[in-house]
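The values are calculated or read from the model by the stated rules, or taken from the named source; none is laboratory data. It should be emphasised that the depicted structure is a prediction, and the values quoted were computed from it without experimental measurement. A quick note on method: Cβ atoms are made from the backbone with ideal geometry, for glycine too, and the neighbour counts reach across all protein chains shown.
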């Protein structure tokens, strides 16, 4: 049996370029891994089977659409294993369809867990390539820390960061479809008259002030530089998110933003005590289902238990 812990992410910058002919958008995506995470446990089994426990476990698909199952099959195929056999159990803590890459995190964790269970010793560079085949956010879940994602977000460059930043995440009822949020972003751009294609929208780049704030470990400067080009689209599809963002700000957050494509909202706090206060205020506000205080950055997917050699 092998258990892997894997972090959620928040996008401290999500710059979205125009829609490309292939339907994707070029991104300047600054990922930040936080201590809120899932655990995936792999044990020998027949075929690839999945179970899941935790909040919203009933919303997690347990068939081959699940990225954890796809990861196991992809790794086996890469190594030429004729009949992959593994039972994967996902212990959820990351919100489902919440803009924190929970499904992608589980895919990354399954890659690492199956690699250890099957004794494959796959190099990290190869695991990252396989992760990119699974989805744009999967490679970062392996890498962790803080990184700039380019292309669709899968081309990663680790970024320097100092100290610990404290966060609160407000979990909404239900999820938001990432493709739907991108479509709404395009629609809002067209409606505003700016246009939505790569000819209309400049290719985004990382904000130098945000990178400096991360390197300096300065939460006040980071708060001033946080940005998410998908936030307007997420709030358009789920107007109640505006109330959640306002509640966290009124409770003392340095900054508030929608996490990724939403609907989870992220709040940067000045310290751990402030984060605990903001989380309690959000839980009492009636604007979200629950709220979690956490911190980061933290490492990517890591084996936390494995058989002794």
*Test residue 93 against the criterion of being in contact (Cβ under 8 Å) with a residue 40 or more places away in the chain, in contact with a strand residue (DSSP E or B) (Cβ under 8 Å, 6 or more places away or on another chain) and farther than 23 Å from residue 10 by Cα, and give yes or no.*
no
*asked:* Which of the numbered conditions does residue 141 fail, given that it passes all the others? Conditions: (1) surrounded by fewer than 21 Cβ atoms within 10 Å (Cβ to Cβ); (2) on the phi < 0 side of the Ramachandran plot; (3) under 15 Å from the mean Cα position of the chain (by Cα); (4) not assigned by TED's automatic domain parsing to the domain that holds residue 291.
replied: (1)
_Selection within segment 119-166 - out of contact with any strand residue (DSSP E or B) (no Cβ under 8 Å at 6 or more places or on another chain), over 21 Å from residue 215 (Cα atoms) and in a loop (DSSP other than H, G, I, E, B)_ = 119, 120, 121, 122, 123, 135, 154
_With the requirement that a residue be in contact with a strand residue (DSSP E or B) (Cβ under 9 Å, 6 or more places away or on another chain), in a loop (DSSP other than H, G, I, E, B) and surrounded by 16 or more Cβ atoms within 10 Å (Cβ to Cβ), what does segment 199-218 give you?_
201, 204, 206, 207
*Out of all the residues in segment 59-80, is one or more assigned to a strand (DSSP E or B) and surrounded by 19 or more Cβ atoms within 10 Å (Cβ to Cβ)?*
no
*asked:* Being in a loop (DSSP other than H, G, I, E, B), surrounded by fewer than 23 Cβ atoms within 10 Å (Cβ to Cβ), within 16 Å of the chain's Cα centre (by Cα) and at positive phi is true for just one of 97, 93. Which residue is that?
replied: 97
*When only residues in segment 266-290 that are in a strand (DSSP E or B) and modelled with pLDDT of 95 or more count, which is surrounded by the most Cβ atoms within 10 Å (Cβ to Cβ)?*
267
*Test residue 88 against the stated conditions and say whether it is assigned by TED's automatic domain parsing to the domain that holds residue 136, under 18 Å from residue 45 (Cβ atoms), buried (at least 24 other Cβ atoms within 10 Å of the Cβ) and touching a residue at least 24 places away in the same chain (Cβ under 8 Å).*
yes
*Name the residues in segment 219-263 that are part of a loop (DSSP other than H, G, I, E, B) and under 21 Å from residue 205 (Cα atoms), would you?*
226, 229, 230, 259, 260, 261
*Which one is surrounded by the most Cβ atoms within 10 Å (Cβ to Cβ), of the residues in segment 291-309 that are in a loop (DSSP other than H, G, I, E, B) and modelled with pLDDT of 95 or more?*
301
*asked:* Quick check on segment 106-129. Is at least one of its residues crowded, with 24+ Cβ neighbours inside 10 Å, in contact with a helix residue (DSSP H, G or I) (Cβ under 7 Å, 6 or more places away or on another chain) and farther than 16 Å from residue 303 by Cα?
replied: no
*Quick one: in segment 148-166, of everything that is on the phi < 0 side of the Ramachandran plot and crowded, with 24+ Cβ neighbours inside 10 Å, which residue is modelled with the lowest pLDDT?*
149
*Just to be sure, is residue 221 modelled with pLDDT under 95, farther than 17 Å from residue 34 by Cα and in contact with a helix residue (DSSP H, G or I) (Cβ under 6 Å, 6 or more places away or on another chain)?*
no
_Residue in segment 167-182 that is surrounded by the most Cβ atoms within 10 Å (Cβ to Cβ), counting only those that are touching a residue at least 40 places away in the same chain (Cβ under 8 Å) and assigned to a helix (DSSP H, G or I)_ = 181
*asked:* Could you go through segment 42-52 and let me know if any residue there is buried (at least 19 other Cβ atoms within 10 Å of the Cβ) and under 30 Å from residue 229 (Cα atoms).
replied: no
